[in-house]
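Here is the structure we will look at.
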Amino acid sequence: FVSWIVHSVSISIRQSILWMDKAIDIWRDLKSRYSQGDLLRISDLQHEASSIKQGDISVTNFFTKLCIIWDELENFRPNLICSCSPQCSCKALGTEQQDQIMQFLRGLNDQYNQVKSHILMMDPLPPISKVFSYIVQQERQFISNDGILSTLNLESKGLINAVSSNTSSCKFCGKIGHTEIVRLPNGQEVFATHLGLVKFSETLFLSDVLHIPSFTFNLMSISKLVSSLNCILTFSSNKCLMQDMDDDWYS
C-alpha cells in the first residue's frame, strides 16, 4: 500500500512522504494537509452543477457533464447511510435527487420549458434517470420535426383549435404551460403536444384527437370511433365498411 500511495501522488508531494514507512501514517499526513481543501472543492463543484448550461451540445452530453460533477461530489461527500427502520423516513436521499433534477432542468435550453414545467408538476418527482429519459424523448421529437415544433403546419395535419404555446391552457386539465403524458400498452410514455379536431370530409370528423410528434403512424381507437360517430364498422380482408346508425334505412 505504501508503494501504491507514493506512486499515486504528484512528484512534489511524493518527496515529502518518502521517509514514511507505514501506509496509515502517510494517509493521515495527507489527510491533515489537504482535507481543508475539500470544502473549497465541494463549493466549486456545487456552484458548477448549479450554473452549467446545455448551450449547443446534446442533452446526453450535457447530462454526462453533470454526472461527472455529481460523481466527484460523491467522492468528496458520500451519501449519508440511512438508518431508518423499517422504512426510510429521513428523505435525505430524496433531497439529493431533487437537487440533481433541478440542476439538470435548470441548465437545459429554453426550448424544453414546456416539458420541464410538466415534470415539475409531478408529485412525487420521478427519479433523475426517468427525467433524463423524458428530456431525451423531447429532443428526438424536436429533431424529427426539424428542431422547431412551433413551425409545424397544423392545418396540413388536420388539426385545429390546438394548444401551441407555454402560456396557453392545457386542454387536458386546464392548467398552463405543459403537455400531457400518454402511457402506451408496453409501458412507454410519450408526450402529446396538442389536442384538436381531425376533419376527413365535410361530414366526417373526429374530436379530441391527440397530436404526438414522436408517432410515425396515425393510431385510431375503434371503440372511440364508433362511439363518437355512432356508427358500425365491418371489416373484410381488404376493406372497411362504415355504416351510420342515424340513417333512416338502418332503423
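With θ set to phi - 60° and the Karplus curve 6.51 cos²θ - 1.76 cosθ + 1.60, what are the ³J(HN,Hα) couplings of the stretch 233-243 in order, to the nearest whole Hz, using x for Gly and Pro?
10, 10, 9, 10, 5, 9, 9, 9, 9, 10, 10
What residues qualify as long-range amide H neighbours of His194, i.e. H under 5 Å apart, gap of 5 or more or another chain, H built at 1.01 Å from N?
Amide H neighbours of His194, under 5 Å, 5+ apart: His211.
Given R₀ = 25 Å, FRET efficiency for Asp99-Ser129 by Cβ-Cβ distance, to 0.05?
FRET efficiency, Asp99 to Ser129: 0.95.
Per-residue HN-Hα couplings for the stretch 61-66, Karplus 6.51 cos²θ - 1.76 cosθ + 1.60 at θ = phi - 60°, whole Hz, x for Gly and Pro?
5, 5, 5, 4, 4, 5
Counting other beta carbons within 10 Å of each residue's own, what order do Cys240, Cys231 fall into, fewest first?
Neighbour counts put them in this order, fewest first: Cys240, Cys231.
Anything over 21 Å Cα to Cα? Flag those among Lys130/Lys224; Lys116/Lys224; Lys53/Lys116, in the order listed.
Lys130/Lys224; Lys116/Lys224
How far apart, in nm, are the 7 Å Cα→Cβ label points at Leu229 and Trp19?
Placing both labels 7 Å along Cα→Cβ, they lie 9.2 nm apart.
Values quoted throughout were computed directly from the atomic coordinates according to the rules given, and no laboratory measurement underlies them. For clarity, every value in this text was computed on a predicted model and none was experimentally measured. Every residue, glycine among them, receives a Cβ derived from its backbone with ideal geometry; neighbour counts consider all protein chains shown.
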